[in-house]
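Here is the structure we will look at, set down as structure tokens.
The values are calculated or read from the model by the stated rules, or taken from the named source; none is laboratory data. These numbers were taken from a predicted model, which means no experiment stands behind them. Here the Cβ positions follow ideal geometry from the backbone for every residue, glycine too, while neighbour counts run over all protein chains shown.
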Amino acid sequence: MTDANFKSLKHHAPGYIKYSNGQEVEKNYSPDYVLIRDNSYILLEHESEPNRKTIVADMIKAAHFLQGEKVGILVIVLTPKRKSSLESYPKHIKKYFDWVGDKTNLEEIYFIRESDYQADNDIIEINSHRFIDLSYRI
């Protein structure tokens, strides 16, 4: 799936509404999709060719955005590279997430396969039992 296709999907979570789909939400930060409920955000990034540096950058940008009154989570939807497993990405990023922990209101990061997130032309509801079961959380 292309980023343009990802941005056009109807991402959803209970009580949240669309905030942006690729627009800049702060200077130099344009997540692929953002849902909002009051001061709570769900930031979504789509990585069709993920690498560990990109994943760390996704986390750092989300952590920077989620400061002050803003709280939230980051959802990274990806297709692991051939020699990588889905589990390898959270393992790699955990030490960086722990390092920024006291500087941000980024509460959790979820990693989910693109094929699980969009199965049978249906988008999985974020925070649903199915979403939790199919994703890796740190």
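How about the range 35-51: which of its residues are surrounded by 14 or more Cβ atoms within 10 Å (Cβ to Cβ), farther than 11 Å from V77 by Cα and more than 9 Å from the chain's Cα centre (by Cα)? Result: L35, I36, R37, S40, Y41.
Can you tell me which residues in the range 85-138 are in a strand (DSSP E or B) and within 16 Å of the chain's Cα centre (by Cα)? Result: L106, E107, E108, I109, Y110, F111, I112, R113, Q118, I123, Y136, R137.
The residues on offer are S8, S48, S84, S20, and the sole one that is small (G, A, S), in contact with a helix residue (DSSP H, G or I) (Cβ under 8 Å, 6 or more places away or on another chain) and at negative phi is S48. A Cβ distance below 9 Å, combined with a sequence gap of six or more or placement on separate chains, defines the contacts here; from the range 10-22, residues that are among the acidic types (D, E) and assigned to a strand (DSSP E or B) reach no residue that is buried (at least 17 other Cβ atoms within 10 Å of the Cβ) and at pLDDT below 95. Residues that are buried (at least 16 other Cβ atoms within 10 Å of the Cβ) and either farther than 16 Å from Y110 by Cβ or acidic (D, E) (or both) within the range 62-88 comprise F65, K70, listed in sequence order. Restrict the check to the range 46-68 and report whether at least one residue is more than 27 Å from S88 (Cα to Cα) and assigned to a strand (DSSP E or B). No: the range 46-68 contains no residue that is more than 27 Å from S88 (Cα to Cα) and assigned to a strand (DSSP E or B).
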